[in-house]
1. Take the residues in region 35-67 that are out of contact with any strand residue (DSSP E or B) (no Cβ under 6 Å at 6 or more places or on another chain), outside any strand (DSSP E or B) and not polar (S, T, N, Q); name whichever of them is nearest to Asn2 (Cα to Cα).
2. Check Glu8 against each of (1) among the acidic types (Asp, Glu); (2) exposed (fewer than 13 other Cβ atoms within 10 Å of the Cβ); (3) touching a residue at least 24 places away in the same chain (Cβ under 8 Å) and name the one condition it does not meet.
3. Residues of region 53-81 being small (Gly, Ala, Ser) and loosely packed, with under 14 Cβ neighbours inside 10 Å, which ones?
4. Among the residues of region 42-67, which ones are at positive phi and not polar (S, T, N, Q)?
5. Among the residues of region 27-46 satisfying the criterion of being of a type in the set (A, V, I, L, M, F, W, C) and either crowded, with 17+ Cβ neighbours inside 10 Å or at pLDDT below 95 (or both), which is farthest from Phe82 (Cα to Cα)?
6. Could you please give the count of residues in region 2-29 that are under 21 Å from Glu70 (Cβ atoms) and either of a type in the set (Ser, Thr, Tyr) or outside any strand (DSSP E or B) (or both)?
Amino acid sequence: MNDELVVEWGLGKHHGLLDLGLVGYSRWELEGGKAETHAVGVSAGYFWPQLMMGIDAGVYQEHSVKQGFEGTKFRVALTKVF
């Protein structure tokens, strides 16, 4: 497996305890590799102050893929403040 560089980005807006945004990433294989992937999607998150817990989910659609398959990626992150 070769080394790779991944750059993630996001633009968001707060609406009270709700966060909505546009997100994306680009991935390049380094050291002579030709694999490359770019994706763009949407993200939503919510924070419950009484539980000191938050959840964030995003859906990405890959495009401009070289040396691989295009697809849809889904991620979920759960955060608990101690």
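1. Of everything passing the filter in region 35-67, Met52 is nearest to Asn2 (Cα to Cα).
2. (3)
3. Ser64, Gly68, Gly71, Ala77 - these are the residues of region 53-81 that are small (Gly, Ala, Ser) and loosely packed, with under 14 Cβ neighbours inside 10 Å.
4. Met52 - this is the single residue of region 42-67 that is at positive phi and not polar (S, T, N, Q).
5. Ala35
6. 3
The values are calculated or read from the model by the stated rules, or taken from the named source; none is laboratory data. Model, not experiment: these values are computed from the prediction. Don't worry about glycine lacking a Cβ; one is built from the backbone with ideal geometry, like all the others, and counts go over all protein chains shown.
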